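J.: Got a structure for you, questions after.
The values are calculated or read from the model by the stated rules, or taken from the named source; none is laboratory data. Nothing here was measured: the structure is a model prediction, and the numbers come from that model. FYI the Cβ positions are ideal-geometry reconstructions off the backbone, even for glycines, and counts take in every protein chain you see. We work out accessible area using only protein heavy atoms, side chains counted, and drop any ligands, DNA or RNA first. Shrake-Rupley method; radii C 1.70, N 1.55, O 1.52, S 1.80 Å.
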Amino acid sequence: DLGTLRALTKGLRAEFFDAFNAELAKSIRGQIATEIRTNSEGEDYAWLGSAPSVREFTDERQVKALTGYSFYLANKVWENTIGVDRAALDHDKLGMIIPRIRDLGIEAARYQDQLVMEVLAAGSDTLCYDGQYLIDTDHVSGESGSQSNKGTAALSVTSLQAAITAMRKFKNDRGVAMGIRPNLLVVPPDLAWTAQEIVGSPNRPDTTVNVKNVLDGMLQVH
């Protein structure tokens with residue numbers, strides 16, 4: 001009857017969101033991307049550059065203009081649907097259905113990470129707000145000068161140190177160092193063990209001599 005169906009729907013909805021929220025708590029997308037709530041068909045992601053540096057207040061306030069940027073993205077609608085045999089409901093086979101509902105919740109949460117990773121993996125071919133590829137050799141923003149966030153060397157202690165050093169030197173659109181402190185190393189499965197050795201060994205893994213590994217424990221590998 002209708003009352004039973006409503007109660008069943010409410011219970012399955014709860015199972016879905018319990019699984020969804022539990023999986024979402026494991027997500028690392030917040031360490032890679034900025035999440036912005038939106039309810040419109042699309043969003044004009046306009047932001048206003050970097051805040052000015054603090055100065056000693058000796059006479060009058062110095063109002064500094066902010067640099068405006070704009071980047072439009074159309075919102076998309078996503079779905080995932082499974083079919084349930086009416087006979088399974090009639091014979092109260094919820095023990096078989098609930099795990100599949102939980103799987104839907106888990107997949108919905110995991111897909112958000114997947115979307116972020118797909119953009120990251122395609123960074124050398126995906127344009128971003130400044131008209132350059134997301135991962136490129138010549139990003140310029142205001143007074144930042146030309147900056148590269150692209151490397152071509154194989155993953156190693158030396159190349160990772162070089163990347164960290166470059167990131168620490170990144171400047172904002174006012175020419176001021178951004179104070180970036182890298183803490184996450186994202187790699188494909190084929191490089192997972194290499195990455196773990198580089199950032200999880202007390203001694204440098206690239207030499208037979210006992211040399212302290214300064215990268216030990218510095219980054220989380222994903």
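J.: Can you tell me how many residues within the stretch 165-222 are exposed (fewer than 14 other Cβ atoms within 10 Å of the Cβ) and either on the phi > 0 side of the Ramachandran plot or of a type in the set (Phe, Trp, Tyr) (or both)?
T.: Counting residues in the stretch 165-222 that are exposed (fewer than 14 other Cβ atoms within 10 Å of the Cβ) and either on the phi > 0 side of the Ramachandran plot or of a type in the set (Phe, Trp, Tyr) (or both) gives 4.
J.: Check off (1) of a type outside the set (Val, Ile, Thr); (2) open to solvent by less than 60 Å² (accessible area, probe 1.4 Å); (3) touching a Leu at 6+ places or on another chain (Cβ under 9 Å) for GLY131 and give me the number that stays unchecked.
T.: Of the numbered conditions (1) of a type outside the set (Val, Ile, Thr); (2) open to solvent by less than 60 Å² (accessible area, probe 1.4 Å); (3) touching a Leu at 6+ places or on another chain (Cβ under 9 Å), the odd one out for GLY131 is (3).
J.: Taking the options VAL54, VAL63, VAL77, name whichever one is modelled with pLDDT under 75, open to solvent by 90 Å² or more (accessible area, probe 1.4 Å) and either assigned to a loop (DSSP other than H, G, I, E, B) or under 30 Å from CYS128 (Cα atoms) (or both).
T.: Only one candidate qualifies: VAL63.
J.: Further question: Any idea which residue in the stretch 146-160 is most open to solvent (accessible area, probe 1.4 Å), counting only those that are assigned to a helix (DSSP H, G or I) and over 21 Å from ILE32 (Cβ atoms)?
T.: Among residues in the stretch 146-160 that are assigned to a helix (DSSP H, G or I) and over 21 Å from ILE32 (Cβ atoms), the one most open to solvent (accessible area, probe 1.4 Å) is THR158.
J.: Is it fair to say ALA122 is surrounded by 10 or more Cβ atoms within 10 Å (Cβ to Cβ), at pLDDT 75 or above and in contact with a Leu (Cβ under 7 Å, 6 or more places away or on another chain)?
T.: Considered against the rule, which asks whether it is surrounded by 10 or more Cβ atoms within 10 Å (Cβ to Cβ), at pLDDT 75 or above and in contact with a Leu (Cβ under 7 Å, 6 or more places away or on another chain), ALA122 comes out as no.
J.: Enumerate the pairs (first residue in the stretch 82-106 and more than 17 Å from THR9 (Cβ to Cβ); second residue anywhere and modelled with pLDDT of 80 or more and surrounded by 14 or more Cβ atoms within 10 Å (Cβ to Cβ)) with beta-carbon separation below 8 Å, excluding pairs fewer than 6 apart on the same chain, so at least 6 apart or on different chains.
T.: That search, which allows pairs on different chains as well, returns ASP103/ALA19; ILE106/ALA19; ILE106/PHE20; ILE106/GLU23.
J.: Which pairs have Cβ atoms under 6 Å, sit 6 or more apart or on different chains, and link a residue in the stretch 18-42 that is touching a residue at least 60 places away in the same chain (Cβ under 8 Å) and assigned to a helix (DSSP H, G or I) to one that is open to solvent by less than 70 Å² (accessible area, probe 1.4 Å) and among the β-branched types (Val, Ile, Thr)?
T.: From the stretch 18-42, the pairs are ALA19/ILE106; GLU23/ILE106; ARG29/VAL116; ILE32/VAL116.
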